[in-house]
Amino acid sequence: MKKARDFFFLATILRSSSFLTLLRPTPQMEDISERYCFKPILRWNPQVEDYFVRAYGPDHFSRISQALTRPSCYSCVRVNTLKSTPDAVIEKLLAILKEKGDVNSTNNVNLSKTDANCNSQSLHNCGKAASEQDGVTNTFKESFHSSSISKCQFPGLDYVLFVRGSGPHKIDYGYADGIPPKEVIVSRKCAEAVLRGAQVFVPGVMACSAHVEKGDVVAVSVAVEQPSADGGWGIGITRGTVMQGLQTDPYYFQRSGLYIGQGKAMMSRSGIFRITQGVAVDICSRVYQLPSFHDVLEGEIFLQNLPSIVTAHALDPQKGERILDMCAAPGGKTTAIAILMKDEGEIVAVDRSHNKVLDIQKLAVEMGLSCITTYKLDALKAVRRRNECDAASNLSCCDDINGMQSSNPVMLQVQKTALEGLTADEALNGSVSNEKANERTYISKADTRKNIRRMRNGPGRNQSIGGRVENSKGFSPNSFDRVLLDAPCSALGLRPRLFAGEETIESLRNHGKYQRRMFDQAVQLVRPGGVIVYSTCTINPGENEALVRYALDTYKFLSLAPQHPRIGGPGLVGHFEFPDGYIEEWLQPGEEELVQRFDPSSSLDTIGFFIAKFIVGSKDP
């Protein structure tokens, strides 16, 4: 009987949570502080890392890698000067941000003295590394005064506002008595959005602790890709995994130093993995506190990185010109150009994605811009084939009619009937003679009826074209005054970035080949005396300086032109020899000051970005 009582007593002890806590290995306090923090290390493909180290130097590239893992210390907002003024927007934003408490919030957050000094230093030293000879340092300092919202002090950019953020913050995640906090693990892309001010939405949740209920306070950590057995990368966590917060959990140690904030669960664990949309965690305490501009002053402001705004200025668009934006989605630079032109002229914005073209249309309508015409078109096919243009020499045939209906259906029908010499009834009945059909491209009865219906019914819902996207077969050579090629790239300058291992030397070189093919199209489309601006959001010299070298060596009628305003730093001079013997040529001495390279590790604190501006001379041999 005594043995039975002893056995029952021992079993009770073993089942008790306090005893299990004693058995569980308890991390030391310094281990806790190291684990529950945000100190990411950006992983690169080893060959890519060696390439960048040789391009920038080990110390400089180390600073770049560290900067890329963190967001900028401010948000950059472009004011739509056709609808509002910077002063009016500042007043509205201050009221909104005060009500929402988005700026410099310290709820349950302690900003250490060191962190505060670092944040202050990054704000007040902005521009130091960019170009001291141009006076950029003092100009950027003046942009950050005591107010949380400031006007940009660079010449010509007074309609650009800087909204101050804060961080990095130290957060108490509630680790007590050896019991880890309840935790939600999100995907890397979700985490990068959260660091920019977003909430945690359901699709971004990978796993969470057991027994998470609505209203629970949870720590939010990131599952970042790790090397896998097959030589690739993976996260190793299946969506829906239950986390215990123990060292036996998948990627327990890899999440160390990857905690991005603390929030309140907006639904239970079962709800998170049962539905497909909605906010899963409302982030209350963030490592980096940046304001959210979702649904804020739509049409009056646009959240845009400073280098992207500078790109529109480098193009220097003039009223009445015809401008092509070759890879226009989501429309930020397109609308910036339209506003600089005072909505007078024509901007042709193309993208190969149907949905992205719709996004451009929606943004243009939201901002009240009428000079933007959109088409679905692959930039690699932007130049209409010569035999198609020869079929009819007039501009409408080559650029606006055959498969390229304008987003203004009324103007389209007027153009068609005027060129054909037909009335609307004649067009509807299809009474087009063979003689007229031979004179220009044939238009089917179905297309004619469709366009007359558009003329009769108007542009449709959302004040655009009712969700319809028109295709383009390309444009005539020399038919644009200016061309912007913001090329698809490796995007290795975007921040915050928590992983970069997917890019290889081969993929980086393929990006460069793809961009050269697009640039060949741009050169054909711009008229002699016109301008081409090329830009990317990557730190890769092979997509930046190497493209400039290719352009200048291939097209002798191209020359680099100065850019205004000049805010970024100089380009890279020299070359790089790959292990296979291929030599990648960059800029030559004297050319580096004619491009703008935005370094994410500089005190400007921008994304990594590159801008080159070309003047097109006479194309005659």
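The numbers here are math on the coordinates, done by the rules we state, and not lab data. Here the structure is a predicted model, which means the values were calculated and not measured. Neighbour counts run over all protein chains shown; Cβ positions are idealised from the backbone, glycine included.
Stretched out straight at 0.36 nm per residue, the stretch from Asn478 to Lys189 would grow longer than its current Cα-Cα span by 99.9 nm.
Using a simple spin-label model with pseudo-atoms 7 Å out from Cα toward Cβ, Ile615 and Arg239 lie 5.4 nm apart. Our coupling estimate for the range 314-322, obtained by passing each phi through the Karplus curve with A = 6.51, B = -1.76, C = 1.60 and θ = phi - 60°, is 4, 5, 6, x, 10, 4, x, 7, 9 Hz, Gly and Pro reported as x. A simple spin-label model places pseudo-atoms 7 Å from Cα toward Cβ; at Leu380 and Lys362 they are separated by 2.8 nm. For the range 186-337, the fraction of C-alpha pairs farther apart than 27 angstrom is 40 percent. Pairs from the list Lys342/Lys513; Lys189/Lys513; Lys170/Lys333; Lys83/Lys376; Lys39/Lys264 with a Cα-Cα gap above 30 Å: Lys342/Lys513; Lys170/Lys333.
First obtain the Kirkwood hydrodynamic radius of the range 496-621 from its Cα pairs, then insert it into the Stokes-Einstein equation at 10 °C and 1.306 mPa s, and state the resulting D in µm² per second as a whole number. Display every interim value, and only then the final one.
On the way: Rh = 15.4 Å.
Reported coefficient: 103 µm²/s.
With r defined as the distance between the Cβ atoms of Arg352 and Arg527 and R0 fixed at 22 Å, what FRET efficiency is calculated, to the nearest 0.05? Step by step, r from the Cβ atoms, then E = 0.35.
Extension gain for Lys264-Gln66 works out to 68.4 nm (0.36 nm per residue, less the C-alpha to C-alpha distance).
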